[in-house]
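Undergrad: Here it is: the structure, laid out below.
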Amino acid sequence: MSFEDTLRSMAEGGSTAQTPIVEIIVTVEEDLSRQQAEMELASIRREVLSGDPIVQNVTQDYTVDSFAAETASAISWEDAQNVRSALRNAIRSEGMTIRGSAVQADIKTSSL
């Protein structure tokens, strides 16, 4: 299959890559708007990514007032606790109040 055929197949939904990940999720008390969540995410992402090499990305979901640190598909409990702590500290440094945290296993599907 050529490169062009592969791109066409992916664009048509025929071939998608599935990547298992573990997410450390922290919810906040504040009712975040999309714009506010995006602004907060920029500094939270920078702080968490620079502090822990196991974190691959940091995202936000303003619809449920949460931030998530994405890690490899298999991490130790101690590493998960360290990531949670780094994420919670970054969120607190932005002046937000922590409501709770969770660990979630997920499959990310990559497509065009």
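Undergrad: Amide H of VAL58: which non-local residues (sequence gap of 5 or more, or other chain) have their own amide H closer than 5 Å, using H built in the peptide plane?
TA: Placed amide hydrogens put GLU70 under 5 Å from VAL58.
Undergrad: What's the local net charge at GLU29, with K and R +1, D and E -1, over the other residues with C-beta under 12 Å away?
TA: Working: positive: ARG92, ARG99; negative: GLU30, ASP31, ASP65.
Net charge in that neighbourhood comes out at -1.
Undergrad: Ok, one more. How would you rank ARG99, ARG45, going from fewest to most other Cβ atoms within 10 Å of each one's own Cβ? All intermediate terms of the calculation are to be shown ahead of the outcome.
TA: Details: ARG99 12, ARG45 19.
With the sparsest Cβ surroundings first, the list reads ARG99, ARG45.
Undergrad: In addition: How long is the gain from ILE107 to GLN18 if the chain were fully straight, where each residue apart is worth 0.36 nm and the alpha carbon distance is subtracted?
TA: Details: separation 89, 0.36 × 89 = 32.04 nm, distance 0.61 nm.
Roughly 31.4 nm would be gained on extension.
Undergrad: Something else: May I ask you to sort LEU87, LEU41, LEU32 by Cβ crowding, counting other Cβ atoms within 10 Å and putting the fewest first? Could the numbers behind the result be given before it?
TA: Values: LEU87 26, LEU41 17, LEU32 21.
Fewest to most other Cβ atoms nearby, the residues stand as LEU41, LEU32, LEU87.
Undergrad: Output ³J(HN,Hα) for segment 64-81: one whole-Hz value per residue in order, computed from phi by the Karplus curve 6.51 cos²θ - 1.76 cosθ + 1.60 with θ = phi - 60°, and x for Gly and Pro.
TA: 10, 6, 9, 10, 9, 9, 8, 10, 5, 6, 9, 9, 6, 4, 5, 5, 4, 5
Any read-out appearing in this document is the output of simple, stated calculations on the displayed coordinates, not a laboratory observation. Note that the coordinates shown come from a computational prediction; the quantities given were computed from them, not determined experimentally. Counting neighbours? That spans all protein chains shown, and the Cβs are built from the backbone with ideal geometry, glycine included.
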